[in-house]
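Engineer: Before I ask anything, here is the structure I am working with.
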2 protein chains.
Amino acid sequence: LTAMVNSAVGEILAALRASGDYVSGEALGNELGVSRVSIWKYIRNLKQHGYVIETSSRGYYLVSSPDLLLPWEVTGWEQKVRHYGEVNSTMEVAKELAKKGVEEGTIVVAESQSRGRGRLGREWSSPVGGIYCTVVLRPKVSPAYAPRISLMASVAVARTIRDLFGLPAELKWPNDVLIGGKKVCGILAEMEAETDELKFVNLGIGMNVNCSISQERATSLRDELGRDVSRKMVLGAVLAEIQRQQNVLTTDDLLAEWKKLSVTLGREVRVASLGEEISGKAIDVDSDGALIVACPDGSVKKVFAGDCLHV
Amino acid sequence: LTAMVNSAVGEILAALRASGDYVSGEALGNELGVSRVSIWKYIRNLKQHGYVIETSSRGYYLVSSPDLLLPWEVTGWEQKVRHYGEVNSTMEVAKELAKKGVEEGTIVVAESQSRGRGRLGREWSSPVGGIYCTVVLRPKVSPAYAPRISLMASVAVARTIRDLFGLPAELKWPNDVLIGGKKVCGILAEMEAETDELKFVNLGIGMNVNCSISQERATSLRDELGRDVSRKMVLGAVLAEIQRQQNVLTTDDLLAEWKKLSVTLGREVRVASLGEEISGKAIDVDSDGALIVACPDGSVKKVFAGDCLHV
């Protein structure tokens, strides 16, 4: 039901925005194939969410929309988005939903997080203006492909930033998206699996968008562009890119694209991995997402996880 | 507390068995460094679990012990075993415990399972007389190593059967233990992980031991040996072998040992994997546990999961 309501509300908004003028309840009703009373209820719903809509004898006129990632604002994903104001963490909300068997592709979106989570148990600063979402995926692949899902998401985010804004987004192993060496997006994956089957992989994306970052090693799209951008457009594009990348998850194309965008390969790196520290030249990424490091002593090491420092 | 009680009860049993005669409460108390009243309480506890213990002025005499995998019976693992009569599935019990943060190495053992689980959502027949256990592991390795944990367990079980009984246990990819082509043990792993960290891997082991199997493709240790064996000895040995194998989890030694025991390599196989069917000759196992199949058309395919049929 909610999914259908979201679609209908999206259509009403599209009609009001396309018109730029008053649109009668009757015209909207005809377009959606519902009664004028239903339209009135949808309009009331929109007003409750912060939309300013003037009503007169000529119909409805959209004055302004709130800057929120409401389901019907994320075109193409109206039926999948579950929108929250502030949550502790979209990862926690999504985990609960995934365990309850929520549909593949469900997207948990929050305006801010009180306890946003980053990799390696770190906090992810999550002020209003960013994009914080977790996508519940249930890919029919072996758990061995799980690390690729994070790679895939980082490629999707970098591609989106390049395509929409022409910014030179690059990838730092394993899953950071950088612009000019500064982090603009982090990826976190959490999964439950059996020997032969991924039950779910929750893919968390935290993007610095319309917020100003005062850290030396981080940046935001606003900081880079000197203006705010449409968060719903960014989110919709990232989701579409993830959908596209999922089709190449098990092929070499994904790794090829990751390598093309990588700023880690060819660099001297120091990786703190599970209590060990490995220094050397990052020479490749293996099919399972592991980083291949050529060490000064001539040995070649495979690093699966950890913190990578470009030296 | 329970762990300490289990150890003390184990020591009392060992003393009674070593003596083969009456042992006074005072002697037992001195040996354990506790009061005679404590000894009496431990003895009462044992009787409640089905041990027949005669009491006279000369002390306690152990007449018989129940055939149960009680914690104090699994020498070396008294403090880790949690024993249940019948459970739905040791995997379910262990999952609850793992999520509650139970200690690494905790072992859930049940005498029988009402809804024993096998791979690929199948049922695992779990009558009394088998060994049904799930070990909660929290290895400090990347989630990429998770498939190796199942390989590791199958090696541990095959080694144990060979060492204890001289039976020619072999491995069928991915994790079945066979004797003479018939399945004697199945392995199931279930995990929760983040990008960089395995939160837990629950390793389920279902072994046909002192039960008679009427299926064509399965067997039990009793069927092979023509006699019953000591389940506690088998379980203790498997657990010790798993502990030993964990040290080589990330090395090539594990794969080498798996290959040595494998009955799949070199065989013509048909693998049903995620909706696809792959036929060809099994030529190798990759470092991530995947089966490498040489297909008749000359292509070489890597199979991560699925049902393997030896043709």
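The values are calculated or read from the model by the stated rules, or taken from the named source; none is laboratory data. As the structure is a prediction and not an experimental result, all values here were calculated from the model. For neighbour counting, all protein chains shown are included, and Cβ atoms are generated from backbone atoms with ideal geometry for every residue, glycine included. Only protein heavy atoms, including side chains, enter the accessible area calculation; ligands, DNA and RNA are left aside. Shrake-Rupley method; radii C 1.70, N 1.55, O 1.52, S 1.80 Å.
Engineer: In region A:288-308, which residue that is aliphatic (A, V, I, L, M) and at pLDDT 90 or above is nearest to A:ASN175 (Cα to Cα)?
Structural biologist: A:LEU291
Engineer: Right, another one. How many of the residues making up region A:166-215 are closer than 18 Å to A:LEU309 by Cβ, among the polar types (S, T, N, Q) and in contact (Cβ under 8 Å) with a residue 60 or more places away in the chain?
Structural biologist: Total meeting the criteria: 0.
Engineer: Under the condition of being within 14 Å of another protein chain (Cβ to nearest Cβ), outside any strand (DSSP E or B) and of a type in the set (Val, Ile, Thr), which residue from region B:110-153 is nearest to B:THR219 (Cα to Cα)?
Structural biologist: Looking at the filtered set, the residue picked out is B:ILE149.
Engineer: Does B:ILE161 count as farther than 23 Å from B:LYS80 by Cα and more than 14 Å from chain A (Cβ to nearest Cβ)?
Structural biologist: Judged against the criteria, B:ILE161 is not a match.
Engineer: Is it fair to say B:ALA237 is crowded, with 19+ Cβ neighbours inside 10 Å and out of contact with any Gly (no Cβ under 8 Å at 6 or more places or on another chain)?
Structural biologist: yes
Engineer: For A:ARG267, indicate whether it is open to solvent by 10 Å² or more (accessible area, probe 1.4 Å) and touching a His at 6+ places or on another chain (Cβ under 8 Å).
Structural biologist: yes
Engineer: If you go through region A:160-179 one residue at a time, do you hit one that is among the aliphatic types (A, V, I, L, M), modelled with pLDDT of 95 or more, under 17 Å from the mean Cα position of the chain (by Cα) and not in a strand (DSSP E or B)?
Structural biologist: Within region A:160-179, one or more residues are among the aliphatic types (A, V, I, L, M), modelled with pLDDT of 95 or more, under 17 Å from the mean Cα position of the chain (by Cα) and not in a strand (DSSP E or B).
Engineer: Follow-up. Against the conditions (1) in contact with an Asp or Glu (Cβ under 7 Å, 6 or more places away or on another chain); (2) touching a residue at least 40 places away in the same chain (Cβ under 8 Å); (3) within 14 Å of chain B (Cβ to nearest Cβ), where does A:LYS232 fall short? Just the number, please.
Structural biologist: With (1) in contact with an Asp or Glu (Cβ under 7 Å, 6 or more places away or on another chain); (2) touching a residue at least 40 places away in the same chain (Cβ under 8 Å); (3) within 14 Å of chain B (Cβ to nearest Cβ) applied to A:LYS232, the lone miss is (3).
Engineer: Additional query: If I filter region B:48-79 down to residues being closer than 20 Å to B:SER230 by Cβ and touching a Ser or Thr at 6+ places or on another chain (Cβ under 7 Å), which single residue comes out as surrounded by the fewest Cβ atoms within 10 Å (Cβ to Cβ)?
Structural biologist: Per the stated criteria, the residue is B:VAL52.
Engineer: Would you say A:GLU224 is assigned to a helix (DSSP H, G or I), farther than 30 Å from B:LEU120 by Cα and among the acidic types (Asp, Glu)?
Structural biologist: Taking the combined requirement at face value, the residue satisfies it.
Engineer: Considering only residues that are in contact with a strand residue (DSSP E or B) (Cβ under 8 Å, 6 or more places away or on another chain), surrounded by 15 or more Cβ atoms within 10 Å (Cβ to Cβ) and not hydroxyl-bearing (Ser, Thr, Tyr), which ones fall in region B:273-293?
Structural biologist: Within region B:273-293, B:ILE278, B:GLY280, B:LYS281, B:ALA282, B:ASP284, B:VAL285, B:ASP286, B:ALA290, B:LEU291, B:ILE292, B:VAL293 meet the criteria.
Engineer: So which of B:ASN45, B:ASN30, B:ASN6 ends up being open to solvent by 90 Å² or more (accessible area, probe 1.4 Å) and either part of a helix (DSSP H, G or I) or of a type in the set (Ser, Thr, Tyr) (or both)?
Structural biologist: Selected residue: B:ASN30, the only one of B:ASN45, B:ASN30, B:ASN6 that is open to solvent by 90 Å² or more (accessible area, probe 1.4 Å) and either part of a helix (DSSP H, G or I) or of a type in the set (Ser, Thr, Tyr) (or both).
Engineer: Those residues that are among the acidic types (Asp, Glu) and over 21 Å from A:LYS183 (Cβ atoms), I need them from region A:251-276; list them, please.
Structural biologist: Selection gives A:ASP252, A:ASP253, A:GLU276.
Engineer: Looking only at region A:281-311, how many residues end up being free of Cβ contacts under 8 Å to residues at least 40 places away in the same chain, hydrophobic (A, V, I, L, M, F, W, C) and within 13 Å of another protein chain (Cβ to nearest Cβ)?
Structural biologist: Counting residues in region A:281-311 that are free of Cβ contacts under 8 Å to residues at least 40 places away in the same chain, hydrophobic (A, V, I, L, M, F, W, C) and within 13 Å of another protein chain (Cβ to nearest Cβ) gives 2.
Engineer: Can you say whether A:ARG162 is free of Cβ contacts under 8 Å to residues at least 24 places away in the same chain, open to solvent by 10 Å² or more (accessible area, probe 1.4 Å) and under 20 Å from A:ARG244 (Cβ atoms), as far as the supplied structure shows?
Structural biologist: When the stated conditions are applied, A:ARG162 passes them.
Engineer: Across region A:181-203, which residue is most open to solvent (accessible area, probe 1.4 Å) among those that are more than 29 Å from B:ASN175 (Cα to Cα) and among the basic types (Lys, Arg)?
Structural biologist: My answer is A:LYS182.
Engineer: Right, another one. What number of residues within region A:9-27 are assigned to a helix (DSSP H, G or I) and either within 12 Å of A:TYR60 (Cα to Cα) or of a type in the set (A, V, I, L, M) (or both)?
Structural biologist: Matching residues across region A:9-27 total 12.
Engineer: Condition first: surrounded by fewer than 23 Cβ atoms within 10 Å (Cβ to Cβ), among the small types (Gly, Ala, Ser) and touching a helix residue (DSSP H, G or I) at 6+ places or on another chain (Cβ under 9 Å). Now tell me which residues in region B:204-229 satisfy that.
Structural biologist: Selection gives B:SER212 alone.
Engineer: Within region A:73-109, track down each residue that is among the charged types (D, E, K, R), part of a helix (DSSP H, G or I) and within 17 Å of A:ALA189 (Cα to Cα).
Structural biologist: If the condition is that a residue be among the charged types (D, E, K, R), part of a helix (DSSP H, G or I) and within 17 Å of A:ALA189 (Cα to Cα), then A:GLU92, A:LYS95, A:GLU96, A:LYS99 are the ones that fit.
Engineer: Restricting attention to region B:192-221, report how many residues are in a helix (DSSP H, G or I) and in contact with a Lys or Arg (Cβ under 7 Å, 6 or more places away or on another chain).
Structural biologist: Counting residues in region B:192-221 that are in a helix (DSSP H, G or I) and in contact with a Lys or Arg (Cβ under 7 Å, 6 or more places away or on another chain) gives 0.
Engineer: Within region A:245-266, identify whether any single residue is among the aromatic types (Phe, Trp, Tyr), within 14 Å of chain B (Cβ to nearest Cβ) and within 22 Å of A:MET152 (Cβ to Cβ), and answer yes or no.
Structural biologist: no
Engineer: Follow-up question, since we're still on this one. Looking only at residues in region A:188-221 that are more than 30 Å from B:GLY121 (Cβ to Cβ) and within 14 Å of chain B (Cβ to nearest Cβ), which one is nearest to the chain's Cα centre (by Cα)?
Structural biologist: Only one residue fits best here, namely A:ILE205.
Engineer: May I pose another question? Is it the case, given these coordinates, that B:ILE278 is over 19 Å from B:VAL155 (Cβ atoms), within 14 Å of chain A (Cβ to nearest Cβ), at pLDDT 90 or above and not in a loop (DSSP other than H, G, I, E, B)?
Structural biologist: Criteria met by B:ILE278.
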